[in-house]
Amino acid sequence: MIVASGANPVTDPFLIDRMTSIAEHKGCDSIICINKWDLVQEQELFETYTKAGFMTLGVSAVTGMGVDTLSSAIAGKISAFTGNSGVGKSSILNALEPGFHLQVGEVSERLGRGRHTTRHVELYRLKNGAIVADTPGFSSFDVELTEQKAKEELQYGFREFKPYIGQCRYVGCSHTKERDCAVLEAVSEGKISKSRHESYLRLFEQAKERKPWN
């Protein structure tokens, strides 16, 4: 469960794409939960990840909007709630199970990010049979330290690329700038989100710079 927000602190889509890429490589499904929908209805994020094939929910931990749908989506499953600090992971858990009374933090207006209230992973069992891990919020720096894949493997971390892999003119196409690249054509035709492809390019450049012994 990747919790994001269109309100302060606004989630950088690259962080979402980094986490979904890791999840894809690990064979884990991802649900994108956009919290604070009562403050900002982040349609662009919603449409981007819906089009990419992810279950995407607009949720408000304050009003309860979307909480029942979220509860049904994770019922009987093991889930980890992850996301940048301040997006409301603990608040959503409180909305799912009001008896938890988990501590929630405020968002720093000066820094535009949340203060950590969850400092280690906590496991919770919900009445719907779900087991949920509430994890500490991360920053862009934290995500840089997560497991990284070789550049040739990155394409498999973007599920919407899969129909086009092997359809390019050149064997071993990197989907970055080649002629007659099926992925690039899909981006130009709007079948693949431009922002998702931009995240792929950033990850590809990072992978190129990584030394083989790192």
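The values are calculated or read from the model by the stated rules, or taken from the named source; none is laboratory data. Small disclaimer: the values here were computed from a predicted structure and weren't measured. Because the Cβ atoms are built from the backbone with ideal geometry, glycine has one as well, and the counts that use them run over all protein chains shown.
Worth pointing out:
- Counting the residues of the stretch 1-40 that are crowded, with 20+ Cβ neighbours inside 10 Å, in contact with a Ser or Thr (Cβ under 6 Å, 6 or more places away or on another chain) and either among the aromatic types (F, W, Y) or part of a loop (DSSP other than H, G, I, E, B) (or both) gives 5.
- Taking the stretch 41-65 as the range and being crowded, with 19+ Cβ neighbours inside 10 Å and not acidic (D, E) as the test, the residues that pass are L45, T48, Y49, A52, F54, T56, L57, G58, V59, S60, A61.
- Close pairs from the stretch 5-27: first of a type in the set (V, I, T), partner crowded, with 18+ Cβ neighbours inside 10 Å and not in a loop (DSSP other than H, G, I, E, B), Cβ under 7 Å, at least 6 apart: T11/A4; T11/S5; T11/N84; I16/I2; I16/A4; I16/I32; T20/I2
- Test: residue in the stretch 198-207 that is surrounded by fewer than 17 Cβ atoms within 10 Å (Cβ to Cβ) and at pLDDT below 90: yes
- Selected residue [hydroxyl-bearing (S, T, Y) and either at pLDDT 95 or above or in contact with a His (Cβ under 9 Å, 6 or more places away or on another chain) (or both)] from S90, S71: S71
- In the stretch 155-197, residue surrounded by the fewest Cβ atoms within 10 Å (Cβ to Cβ) [restricted to those that are outside any loop (DSSP other than H, G, I, E, B) and in contact (Cβ under 8 Å) with a residue 40 or more places away in the chain]: Y156
Okay, residues lined up against (1) charged (D, E, K, R); (2) under 23 Å from M19 (Cβ atoms):
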residue	(1), (2)
F161	no, yes
C168	no, no
G172	no, no
E178	yes, no
V183	no, yes
S188	no, no
